[in-house]
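A short reminder: the numbers here are calculations on the coordinates, not readings from a lab. Just so you know, these numbers come straight off a predicted model, no measurement behind them. Using ideal geometry, Cβ is built from the backbone for each residue, glycine included, and neighbour counts are taken over all protein chains shown.
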Amino acid sequence: MTETERETVIRTDRLTKHYSGGRGCHEISLTVGSGEAFGFLGPNGAGKSTFVKSLVGLIFPTSGTGTLFGAPIGSLEARRQIGYLPELYRYQEWLTGEEVLWLHAKLCKLDKSYARKRIDSLLMDVGIGKRGRDRVKQYSKGMQQRLGLACALLNDPKLLFLDEPTSAMDPIGRYEVRGMLQQLRGAGKTIFLNSHLLEDVEMICDRVALLNNGRILTQGSVRDVLLEKSRWTLRVGGMLPEDLEELIETTALPITCPDPNPDAAGAVWIEVEAAEEEQLGWLNTLIMERGLTLYEVQRMKNRLDEWFMQTLSGLDQRGERE
Amino acid sequence: MSTIIMMTWKEMLRKRVVLLTLIMTLIFLLAFWFVARTIGMEFTNGNFEPGSMEELLNEFMQGAVSLVVGFFFASFVIAFLAIFSSVSVIAGEAEQGVMQAMIPRPVTRQHFYLGRWIGFVSLGVGYALFLYLAILGVTEYHSGVPGNWWSLTKAFLLFASVVPLLVSLAMLGSCYMSAMGNGVLMTMLFGAGWLGGMLNKITSAGAFGKAGETLHMIAGLLDMVMPADALQRRMLAEMFSLQDMMPFIDLAKADSLGPFAIASVPSVTFLLYALGYLLIALLLGVRAFRKKDL
């Protein structure tokens, strides 16, 4: 489904929240369609959380407008349809995890029997299980983040705002949450994801926007970003300079060998930039056909990482100055 | 709003604020028991003719002294309970990040604010009622409580009115200041009101001569800045029906109740001023919270 065919869920028009010292976010205009997973990226202090807080009604914009499902941001109508996991938050330490969810169920005016089932199932889904009966003050940061996720999903929202949802989790937790988000995306939920974990964004999101110093630098589909060329390194045994020349000539790929001195196993590292994975597969075949030994193949960087770094390269970032 | 009110009650129970307050109250009541008993024994030593005016006044003074001492302490307890329960409710919870998950829920900010306000006030007033009845009970056992049901009811309403007054002000301050800053400010404000009350007692006793007039004016201004102590003075005046008792005994004089003399009883106009003060603090707090970035 194209963006124009989707119902618009989030729409902002030059939304600005100005803080002293030029902080905040400035003139952000974007639209997110129904069922879309949108990644909001940027370095520390770029203004990502400020923008999300404006959308969920925690802070009031200095200028510009925004709507969620056509209702003004911050309105009760808009807030009825969202779930939000804040970046910096704590739940009431004197409540149990289960009680926190009951509190939010009452705030959302959920039916009691529905809330009972939903709470039980969410506690299992996010991996809290029976520890839901423990006080929140006994939870680790990762557990609190799991509880936050359950809380955000409690009212079965059509739109989910997640601000760094896995920042405190261990790799297993991250993997589980990623799977959960993919399921939600499959179920047609709209997801607005703020994250520094670009691997998660790459796997979950359809579109991304990159924010720097409070302004959107660029936005586009993840697919387009991923179609750009990416760099690989290959460890090849027995390679001579004439082999490298032959491979360059045959594949027409920019292959380099930064250090031609072989290691103890007689292997050297070569680097190649390839737009398609098939090109890399062909190169591997050619290497094997020449009787060389292919020990290792690595992508030099995650491709979204690379895009992130390249786009921000040479730009001033206020987060670094502060 | 009922969800927010229930949450506030649960918070006070779980954080053991209620438990600690009740334990300290029991210790106070134990001490007060002996104070009231001693006062009762002191006053029963007089040889008065049964049914005489002297005996009636003696009984009245016996109860009055016990009650004034008891409520001197009780006014501090309910004031500090009201202040410290609500002093960090907005800024503290915003700093901790508790609000970040609550406010995006479909609840208006004024409902949230008023729910918290009702939660703190209802708990404080409930505690005030318990303490009030306990002090009356102990005094009745040892000496007898002067006054009738009507005067005691009016006195209770004035005694408990300090709770909404201080909660409104503490929550307003919490919209603008950190928990610690607001706590210091509230304590100093309450202290200023108490100082105003002390100055009133001293100047009413005729001390300081001409300078007393200036001090009396300063005391009045301090009463206006923080009406809590003035409300407590009016509470005692209502309890003892001070106006009606004036031809027989003057509790404003230092020789009647010493440092606890009930001087400069605030007028009805001042009570209306205190009510306006409370309502404005509450409305300003709601307004500030509605516009606050969290």
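Using only alpha carbon positions, build the gyration tensor of the stretch B:90-130, then give the equivalent ellipsoid semi-axes as the square roots of 5 times its eigenvalues, largest first, whole angstrom.
The three semi-axes for the stretch B:90-130 are 24, 13, 6 Å.
In 10 Å bins starting at zero, report the fraction of Cα pairs in the stretch B:87-194 per bin as a rounded %.
The calculated distribution, bin by bin, is 13, 34, 28, 17, 8, 1.
Using θ = phi - 60° and the Karplus form 6.51 cos²θ - 1.76 cosθ + 1.60, what ³J(HN,Hα) does each residue of the stretch A:130-136 get, whole Hz, x for Gly and Pro?
6, 5, x, 8, 8, 5, 4
Within straight cross-link reach of B:Lys201, meaning Cα distance under 30 Å, which lysines are found once same-chain residues fewer than 8 apart are removed?
List returned: B:Lys154, B:Lys210, B:Lys253.
What span do the alpha-carbon atoms of the protein assembly as shown cover on each of the three principal axes, reported in whole Å from largest to smallest?
129, 52, 49
If you line up the long axis of helix B:17-43 against the longest principal axis of chain B, both from Cα atoms, how many degrees apart are they, to the nearest 10?
The angle comes out near 10 degrees.
Any aspartates and glutamates with Cα under 13 Å of the A:Lys189 Cα? List them, leaving off those in the same chain fewer than 8 positions away.
Straight-line reach from A:Lys189, under 13 Å: A:Glu7, A:Glu36, A:Asp156, A:Asp206.
How big is the shadow of the Cα convex hull of chain B, averaged over all directions, in nm²?
Numbers: hull surface 65.9 nm².
It is 16.5 nm².
Tell me, what HN-Hα J-couplings in whole Hz come from the Karplus equation 6.51 cos²θ - 1.76 cosθ + 1.60 at θ = phi - 60° for each residue of the stretch A:114-129, using x for Gly and Pro?
For the stretch A:114-129, the Karplus-derived couplings read 5, 4, 4, 5, 5, 5, 4, 6, 5, 4, 6, 4, 8, x, 8, x Hz, x marking Gly and Pro.
Counting only DSSP beta bridges with both residues in the protein assembly as shown, tell me the antiparallel percent, nearest 5.
So the antiparallel bridges amount to about 70 percent of the total.
Hey, can you grab everything whose amide H is under 5 Å from the amide H of A:Thr96? Only 5+ residues off in sequence or another chain; H modelled, so Pro and N-termini drop out.
A:Val136
Give the long-range amide H neighbours of A:Leu294: residues separated by 5 or more places, or on another chain, with amide H under 5 Å away, using H modelled in the peptide plane at 1.01 Å from N.
So A:Leu294 has HN proximity to A:Gly237.
Compactness ratio of the stretch A:135-174: Cα Rg over 2.2 N^0.38 Å, N = residue count?
1.21
With springs connecting C-alpha atoms under 10 Å apart, model chain A as a Gaussian network and identify which of A:Glu242, A:Glu277, A:Glu306 has the largest mean-square fluctuation.
Looking only at A:Glu242, A:Glu277, A:Glu306, the largest GNM fluctuation is found for A:Glu242.
Take every Cα-Cα distance within the stretch A:1-122, group them into 10 Å bins from 0 onward, and report for each bin the whole-number percent of pairs it holds.
11, 35, 32, 19, 2
Using a cut-off of 17 Å between alpha-carbon atoms, which aspartates and glutamates can reach A:Lys17, once sequence neighbours fewer than 8 places away in the same chain are excluded?
A:Glu27, B:Asp293
Determine one quarter of the surface area of the Cα convex hull of the stretch B:153-195, which equals its mean projected area, and express it in nm² to one decimal.
Taking the Cα atoms of the stretch B:153-195, their convex hull projects to 3.1 nm² on average.
Could you give the nm distance between label points at A:Leu315 and B:Leu157, where each point is 7 Å from its Cα heading toward the beta carbon?
A separation of 6.5 nm, rounded to one decimal place.
Please give me, ordered by residue number, the trypsin sites (Lys or Arg not before Pro) of the stretch A:1-64 that lie in loop per DSSP and have at most 15 other Cβ atoms within 10 Å.
Numbers: sites: A:Arg6, A:Arg11, A:Arg14, A:Lys17, A:Arg23, A:Lys48, A:Lys53; in loops: A:Arg6, A:Arg23.
Those satisfying the criteria are A:Arg6.
Can you pull the semi-axes for the stretch A:228-304, root of five times each eigenvalue of the Cα gyration tensor, sorted largest first, whole Å? Write out the running numbers ahead of the final one.
Details: eigenvalues 73, 40, 24 Å².
Semi-axis lengths for the stretch A:228-304 are 19, 14, 11 Å.
Return the calculated 222 nm mean residue ellipticity for the protein assembly as shown, to the nearest 500 deg cm²/dmol, obtained by summing -39500 (n - 2.57) across DSSP H runs with n ≥ 4 and dividing by the residue count.
-18500 deg cm²/dmol
Taking 23 Å as the cut-off for C-alpha to C-alpha distance, list the pairs among B:Lys10/B:Lys291; A:Lys106/A:Lys130; A:Lys48/B:Lys291; A:Lys48/A:Lys137 that go past it.
Correct reply: B:Lys10/B:Lys291; A:Lys48/A:Lys137.
Would you mind computing Rg(Cα) / (2.2 N^0.38 Å) for the stretch A:186-322, counting N as its residues?
So the stretch A:186-322 has a normalised radius of gyration of 1.33.
Could you give the length gained on full extension between A:Leu76 and A:Arg14, defined as 0.36 nm per residue of separation minus the Cα-Cα distance, in nm?
Taking A:Leu76 through A:Arg14 to full extension adds about 20.1 nm, to one decimal.
Could you quote the convex hull projected area for chain A, Cα atoms only and averaged over all directions, in nm²?
20.7 nm²
Amide H to amide H, which residues 5 or more places from A:Gly127 or on other chains are under 5 Å from it, using H placed in the peptide plane?
none
Tell me, which longest segment in chain B has none of the trypsin sites (Lys or Arg not before Pro) that fall in DSSP loops with at most 10 further Cβ atoms within 10 Å?
Free of exposed loop sites, the longest segment is B:1-209.
Give me A:Asp316, A:Asp263 ranked fewest to most by other Cβ atoms within 10 Å of their Cβ, as a rough exposure proxy.
By the 10 Å Cβ count, ascending, the order reads A:Asp316, A:Asp263.
If the only charges are +1 at each Lys and Arg Cβ and -1 at each Asp and Glu Cβ, what is the size of the charge dipole of chain A around the Cα centre, to the nearest 20 debye?
Dipole about the Cα centre, nearest 20: 2600 debye.
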